[in-house]
1. Output the number of residues of the range 100-114 satisfying the condition of being within 15 Å of the ligand (Cβ to nearest atom), within 15 Å of Val68 (Cβ to Cβ) and either of a type outside the set (Val, Ile, Thr) or surrounded by fewer than 17 Cβ atoms within 10 Å (Cβ to Cβ) (or both).
2. Enumerate the pairs (first residue in the range 107-128 and hydroxyl-bearing (Ser, Thr, Tyr); second residue anywhere and within 13 Å of the ligand (Cβ to nearest atom)) with beta-carbon separation below 8 Å, excluding pairs fewer than 6 apart on the same chain, so at least 6 apart or on different chains.
3. Quick one: would you say Val16 is within 14 Å of the ligand (Cβ to nearest atom), among the β-branched types (Val, Ile, Thr) and at pLDDT 95 or above?
4. Take the residues of the range 115-127 that are among the small types (Gly, Ala, Ser) and within 14 Å of the ligand (Cβ to nearest atom): which is surrounded by the most Cβ atoms within 10 Å (Cβ to Cβ)?
5. In the range 14-64, which residues are assigned to a loop (DSSP other than H, G, I, E, B), under 15 Å from the mean Cα position of the chain (by Cα) and among the aliphatic types (A, V, I, L, M)?
Amino acid sequence: MSEKIDEILGYVLRDVTSSGLETPRIEPVDWYNDPQVSSAMIYSVRDSTGRGVSVQNDLSLDRQLVAVADQIQEWVIEEVGTTHSNWPQCPLHPNNHPLAARIVDDRGVWACPASNTPVARIGELGPA
Ligand SMILES: [Zn+2]
């Protein structure tokens, strides 16, 4: 695992923690096998189901945050979709859709996918 993805995961997993969810165990497995890509494996603390996460090294920090936030969102929904299928919940439309990781004004944010309204920077999501 390169330090790069470790740092990006650190930001994104803050949002998982602030939602009261368990964060995954991170394993330093460089499964992608490409010097341009940082990769790691994440595992549920409840079972040994793992999934890979990866990010292109040459993207800006904000674009990396969006790429990893997207993968972590999929993981959360797979893990705890029964209770958190809307993670992270859109405060504007709590019953309709989760927020989406987007670039808005060159910043990596969680935004309402319907209106593209930024709700929080990735890593700075408050408690739901
Ligand atoms: Zn919305």
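The values are calculated or read from the model by the stated rules, or taken from the named source; none is laboratory data. If you're wondering where the values come from, they're calculated on a predicted model, not measured in any experiment. So basically every Cβ, Gly included, is an ideal-geometry build from the backbone, and we count neighbours across all protein chains shown.
1. So the first thing to find is which residues in the range 100-114 are within 15 Å of the ligand (Cβ to nearest atom), and the list is 100-102, 104, 109-114.
From what is left, the residues that are within 15 Å of Val68 (Cβ to Cβ) are 100-102, 109-110.
Restricting the remaining residues to those that are either of a type outside the set (Val, Ile, Thr) or surrounded by fewer than 17 Cβ atoms within 10 Å (Cβ to Cβ) (or both) gives 100-102, 110.
Residues meeting the conditions: 4.
2. Between residues of the range 107-128 that are hydroxyl-bearing (Ser, Thr, Tyr) and residues that are within 13 Å of the ligand (Cβ to nearest atom), the close pairs are Ser115/Leu92; Thr117/Leu92; Thr117/Ala111.
3. Numbers: within 14 Å of the ligand (Cβ to nearest atom): no; among the β-branched types (Val, Ile, Thr): yes; at pLDDT 95 or above: yes.
In short, no.
4. Of the range 115-127, the ones among the small types (Gly, Ala, Ser) are 115, 120, 123, 126.
Then drop every residue that is not within 14 Å of the ligand (Cβ to nearest atom), which leaves 115, 120.
Values: Ser115: 10, Ala120: 16.
Among those that are among the small types (Gly, Ala, Ser) and within 14 Å of the ligand (Cβ to nearest atom), it is Ala120.
5. Narrowing the range 14-64 to residues assigned to a loop (DSSP other than H, G, I, E, B): 19-24, 28-36, 44-49, 57-60.
With the extra rule that they be under 15 Å from the mean Cα position of the chain (by Cα), the set shrinks to 19-24, 44.
Within the range 14-64, Leu21 is the sole residue that qualifies.
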